[in-house]
Amino acid sequence: MTDLTVKTPDTPHTPDCPGASGALGVSGGSGVSGGSGDSGLHGSGRAARLRGELRAIHALVHRDLLRLAGQRTHTALMLLHPMLYLLILGGGLAALIPRSSLGVGYQTYLFPGMLMMTVQTPAIMVGIRLITDRQSGYLRELLMAPVSRATLLLGHCAGGTMTATAQGAVLLSLVGTVGLPYDAVLLVLLLAGMILASFSITALSLALAVTLRRPETFHTLLGLIMMPLLFLSGGFFPLHTLPGWAHTLAAANPLAYAVDLLRRCVTHRVPDQQAATGIEWAGRQPPLPLEAGLLLATGLLALLWAARRFNRPE
């Protein structure tokens, strides 16, 4: 019996996905890739990936801004609370609390604390939305996007920071009603301080949200810790009037540094409005840049920890 074999001509190797090289922006050539071609391929790939990550952040920020514009009644109600504190409570107590005990009128003293209260609520809401998005399945759809989880978390943080600052800017327009001038530099300093505080609070809220699974638990925990942190911030009364053990808690409170930062910005531009001192270390106030750096470091560390926790499989 004759052994019959069929010989086929050798064919050149072709890629598994036709057109893949064209999609990556690599043009056809001799088939020999040089070093410059590889670097161009990697460079274009990194640039395309970076553009995709930035588009994802932009989409999440745009989503939060659209929500802010569409929920006008909800936004107005959140702004009403600090306005009532500032105009009614502050105006009523201004006649009872002597100016000599605070260095300024009580409404002027209360103003930085009300700015902090204004940005605190929308910044915390970012964490609540992350939990509700997980429960509704929207977060799972986001995770299917071809971007990293850290980018999605950064988009949530950027959106929360912008919406919180936008609401704080509305209350900032009342600066003239508390005896402060409409000074452009003062307004810019206060706005920068609110951006920094909003970022830190939003990052802390996200760090808490990636740990908890139920919004009820999140709300309960916030009720236990947020009001004490607000009272220990020096927004309502000077910290030196607190008992000694409370000074240690205030020194570890990021809201206290944020309020003190805003109040010292006022003193920097309006020297005659020298309010009572806030945070003190061994009887001395920390430098203003150090307070800003501590706020920024707190937000960055919270965001990094949240990103590491968020990268774990659901």
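The values are calculated or read from the model by the stated rules, or taken from the named source; none is laboratory data. If you're wondering where the values come from, they're calculated on a predicted model, not measured in any experiment. Glycine also receives a Cβ, built like all others from the backbone with ideal geometry; neighbour counts cover every protein chain displayed. Just the protein is used for accessible areas: all its heavy atoms, side chains included, with ligands, DNA and RNA removed. Shrake-Rupley method; radii C 1.70, N 1.55, O 1.52, S 1.80 Å.
Key figures for this structure:
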{"item": "Segment 192-207: number of residues that are among the hydrophobic types (A, V, I, L, M, F, W, C) and in contact with a Ser or Thr (Cβ under 7 Å, 6 or more places away or on another chain)", "result": "3"}
{"item": "Conditions (1) closer than 20 Å to Arg140 by Cα; (2) at pLDDT below 85; (3) of a type outside the set (D, E, K, R): number failed by Gly223", "result": "(1)"}
{"item": "Verdict on Leu142 being of a type in the set (A, V, I, L, M) and either closer than 15 Å to Val259 by Cα or surrounded by 24 or more Cβ atoms within 10 Å (Cβ to Cβ) (or both)", "result": "no"}
{"item": "Total residues in segment 237-266, condition among the hydrophobic types (A, V, I, L, M, F, W, C) and open to solvent by less than 20 Å² (accessible area, probe 1.4 Å)", "result": "11"}
{"item": "Residue check, Val178 crowded, with 18+ Cβ neighbours inside 10 Å and either farther than 15 Å from Thr202 by Cβ or without any contact (Cβ under 8 Å) to a residue 24 or more places away in the chain (or both)", "result": "yes"}
{"item": "Residues within segment 132-156 that are under 12 Å from Ala209 (Cβ atoms) and at pLDDT 90 or above, tallied", "result": "2"}
{"item": "Hits in segment 75-92 - residues which are open to solvent by less than 50 Å² (accessible area, probe 1.4 Å) and either outside any helix (DSSP H, G or I) or without any contact (Cβ under 8 Å) to a residue 60 or more places away in the chain (or both)", "result": "Gly91, Gly92"}
{"item": "Some residue of segment 42-53 being exposed (fewer than 12 other Cβ atoms within 10 Å of the Cβ) and at pLDDT below 80", "result": "yes"}
{"item": "Boolean, Leu191 is over 23 Å from Thr298 (Cα atoms) and part of a helix (DSSP H, G or I)", "result": "no"}
{"item": "Contacts under 8 angstrom Cβ, first residue in segment 208-224 being surrounded by 11 or more Cβ atoms within 10 Å (Cβ to Cβ), partner part of a helix (DSSP H, G or I) and charged (D, E, K, R), 6 or more apart", "result": "Val210/Arg309; Thr211/Arg309; Arg213/Arg134"}
{"item": "Lone qualifier among Arg284, Arg269 - being basic (Lys, Arg), in contact (Cβ under 8 Å) with a residue 24 or more places away in the chain and surrounded by fewer than 21 Cβ atoms within 10 Å (Cβ to Cβ)", "result": "Arg269"}
{"item": "Residue within segment 236-249 that is closer than 30 Å to Arg149 by Cα, part of a helix (DSSP H, G or I) and touching a residue at least 40 places away in the same chain (Cβ under 8 Å) present", "result": "no"}
{"item": "Residue match in segment 160-171 (condition: in a helix (DSSP H, G or I), in contact with a Lys or Arg (Cβ under 8 Å, 6 or more places away or on another chain) and within 19 Å of Ala307 (Cα to Cα))", "result": "no"}
{"item": "Residue check for Ser136: out of contact with any helix residue (DSSP H, G or I) (no Cβ under 9 Å at 6 or more places or on another chain), more than 28 Å from Asp64 (Cβ to Cβ) and open to solvent by 10 Å² or more (accessible area, probe 1.4 Å)", "result": "no"}
